[in-house]
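Here's the structure we're looking at; comments come further down.
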Amino acid sequence: MTNAVAIVPAAGKGERFGGAKLLADVGGMTMLDRTLECLLEAGVDQVVVVLPPAARFETVKRLSDPHVLVVVNPDPSRGMFSSIQVGIEAAHGNPMLILPGDMPFVSAGTVVSVVSEYGRVGGIVVPRHDGHRGHPIALPDHMKPRVLEAPAAGNLSAVLKASGVGRTEIDVPDAGILRDVDVRGDLS
C-alpha cells in the first residue's frame, strides 16, 4: 500500500441513534472498532480519528493501535466537515481517505481497491456500488490547503466540485460503501 492516511470523523452526537452510536455492538465489536479495523486490515499507514471534546471511548480497542492517531474537534457542532478539516490538518500521507466512523460495513478489500486505483490514476477516487457513490473517498494530499481554507460550515462535496481535480469512480461489489448508520434500525 502507498503512504495512505485515513481520516475518520467520529465527533457527532449520534442523536438520531439515541446517543453512543459509535460504541454500539456490531458483530461483537464497537461500531468504531469495525470501521477502524477495515482501514488497518487494508494496510493504511495512519488512521486519524476525530473525536469530540471529553469523549468517553475506552471500550474502542483499536484507538490504542500504534497506527491510530486521536485528535479532538473542539467544536463538533459545526458539522462533519469541521471534523474532516481537523483530521486532515493532523494527517500526513497520500492519498488521504475519508471514511466516517459510522460506516462499519465497508470491507478492507474496498479500501485496497480505492487506494490501488488512486496509485494508478491519481486525483479523487470514489467507490461506486449499484450506480451510487460511497466511501471511502481518496483525495490527493495537494488538496489539503483547499480543504482547510474552506468554511467549516461547508461540505466536502462543494470543495471537491470547486477543486477542478479529476474524479475517478470505480465500481465495487461492496454494498457497505453506501451503508452509514444513522438510527438503530440501520444495524439490522
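The values are calculated or read from the model by the stated rules, or taken from the named source; none is laboratory data. Everything numeric in this text was worked out from a predicted model, so none of it was measured. Because the Cβ atoms are built from the backbone with ideal geometry, glycine has one as well, and the counts that use them run over all protein chains shown.
One residue alone among 15, 37 is surrounded by fewer than 24 Cβ atoms within 10 Å (Cβ to Cβ) and either at pLDDT 95 or above or under 23 Å from residue 94 (Cα atoms) (or both), and that residue is 37.
Screening residue 21 against (1) more than 25 Å from residue 187 (Cβ to Cβ); (2) in contact (Cβ under 8 Å) with a residue 60 or more places away in the chain; (3) not aliphatic (A, V, I, L, M) leaves a single unmet condition, (1).
Each row is one residue, and each column tells you yes or no for (1) touching a residue at least 40 places away in the same chain (Cβ under 8 Å); (2) part of a helix (DSSP H, G or I).
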{"site": "63", "(1), (2)": "no, yes"}
{"site": "69", "(1), (2)": "no, no"}
{"site": "83", "(1), (2)": "yes, yes"}
{"site": "88", "(1), (2)": "yes, yes"}
{"site": "92", "(1), (2)": "yes, no"}
{"site": "102", "(1), (2)": "yes, no"}
{"site": "109", "(1), (2)": "yes, yes"}
{"site": "119", "(1), (2)": "yes, yes"}
{"site": "127", "(1), (2)": "yes, no"}
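Taking segment 154-166 as the range and being in a loop (DSSP other than H, G, I, E, B) and under 18 Å from residue 7 (Cα atoms) as the test, the residues that pass are 154, 155.
Determine which single condition residue 52 fails, assuming it passes every other condition in (1) in contact with a helix residue (DSSP H, G or I) (Cβ under 9 Å, 6 or more places away or on another chain); (2) closer than 13 Å to residue 136 by Cβ. All conditions pass for residue 52, except number (2).
Applying the condition of being among the β-branched types (Val, Ile, Thr) and not in a strand (DSSP E or B) to segment 21-61 and asking which residue is nearest to residue 100 (Cα to Cα) yields 35.
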